[in-house]
Amino acid sequence: MVAQYFAHVDTWVFDLDNTLYPPSADLFSQMDVRFSAYVGRLTGLDQDQARQLCIDYWDAYGSTLIGLIAHHDVDPHHFLADVHAIDVSHLQPDEVLQTAIAQLPGRKIVFTNGSENHAKRVLAARGLTRQFDAVYGVEHANFQPKPTHDAFTTVFTTDGVIPTKAAMFEDEARNLKVPHALGMRTVHVHADAGDDDHIHHHTHDLADFLSQLTR
């Protein structure tokens, strides 16, 4: 039984985007348009060039924002407010996921590379606001994004997370390397299961996986 591997866990850390809602909701298609438009206004690049610069910064730094701060002195608060001004009304409450998270013993938190406000809007749309004890955006990590070590240690220190007694749920495999190294139980929430050594478990159905932990 998978539950035995989580018997020691008293803190459950969840990524937000494409983890607490299905990728089919496709919020990133909206954000990508806003990312490119913002970078285009900032740099004067055309749409395709701006989109490529966003990708290049994401590859190099773990987030487009950090590249913009490093190379263009962007105000991160302004940037986050702009790119997260998206429509989330098509997200649906998920009663099965609500119940599965609520039944987990211990503390539940969200840690996202997006903003706290974006996370709270998504959680409200999914009916998950009351399931979580705290929500941390990239601003709480001093704008250092996952997968950087500092991002995790800053947020975990703030919240009092003891990694060896915690589990991390995340759709980006690379964002689980540091949690694994810190001693967390790692779960990759993705349709495709890889064979990375830093991932303990894979699931394409988060609610079903969580429900197995409390049966």
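The values are calculated or read from the model by the stated rules, or taken from the named source; none is laboratory data. Only a predicted model underlies this, so the values are computations on that prediction, with no experimental measurement involved. Because the Cβ atoms are built from the backbone with ideal geometry, glycine has one as well, and the counts that use them run over all protein chains shown. For the accessible areas, the whole protein counts, side chains as well, though only heavy atoms, and no ligand, DNA or RNA atoms are used. Shrake-Rupley method; radii C 1.70, N 1.55, O 1.52, S 1.80 Å.
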Given the structure, is T99 open to solvent by 50 Å² or more (accessible area, probe 1.4 Å), under 24 Å from T154 (Cα atoms), modelled with pLDDT of 95 or more and not basic (K, R)? no
Inside segment 103-112, the number of residues satisfying the requirement of being within 10 Å of Q131 (Cα to Cα) and open to solvent by 50 Å² or more (accessible area, probe 1.4 Å) is 2
What tally of residues in segment 158-203 results from selecting those that are open to solvent by 60 Å² or more (accessible area, probe 1.4 Å), at pLDDT 95 or above and in a loop (DSSP other than H, G, I, E, B)? 2
In segment 128-157, what count of residues is obtained for those that are among the small types (G, A, S), touching a Gly at 6+ places or on another chain (Cβ under 9 Å) and outside any helix (DSSP H, G or I)? 1
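Within 27 Å of K165 (Cα to Cα), outside any loop (DSSP other than H, G, I, E, B), in contact with a Phe, Trp or Tyr (Cβ under 7 Å, 6 or more places away or on another chain) and not polar (S, T, N, Q) - does that describe any residue in segment 97-106?
No.
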Filtering segment 204-215 down to residues that are in a helix (DSSP H, G or I) and either open to solvent by less than 30 Å² (accessible area, probe 1.4 Å) or not acidic (D, E) (or both) yields L206, A207, F209, L210, S211, Q212
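Return the residue satisfying two criteria in turn: it lies in segment 1-19 and is among the charged types (D, E, K, R) and open to solvent by less than 30 Å² (accessible area, probe 1.4 Å), and of such residues it is nearest to the chain's Cα centre (by Cα).
Of everything passing the filter in segment 1-19, D15 is nearest to the chain's Cα centre (by Cα).
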Looking only at residues in segment 61-93 that are surrounded by fewer than 21 Cβ atoms within 10 Å (Cβ to Cβ), touching a residue at least 60 places away in the same chain (Cβ under 8 Å) and not in a loop (DSSP other than H, G, I, E, B), which one is farthest from the chain's Cα centre (by Cα)? I69
Please go through segment 146-157 and give me each residue that is surrounded by 14 or more Cβ atoms within 10 Å (Cβ to Cβ) and not charged (D, E, K, R), ordered by number. P147, T148, A151, F152, T153, T154, V155, F156
So L45 ticks every box in (1) surrounded by 13 or more Cβ atoms within 10 Å (Cβ to Cβ); (2) closer than 28 Å to H149 by Cα but one. Which box is left unticked? (2)
In segment 113-127, which residues are farther than 15 Å from P145 by Cα, touching a helix residue (DSSP H, G or I) at 6+ places or on another chain (Cβ under 6 Å) and surrounded by 18 or more Cβ atoms within 10 Å (Cβ to Cβ)? L123
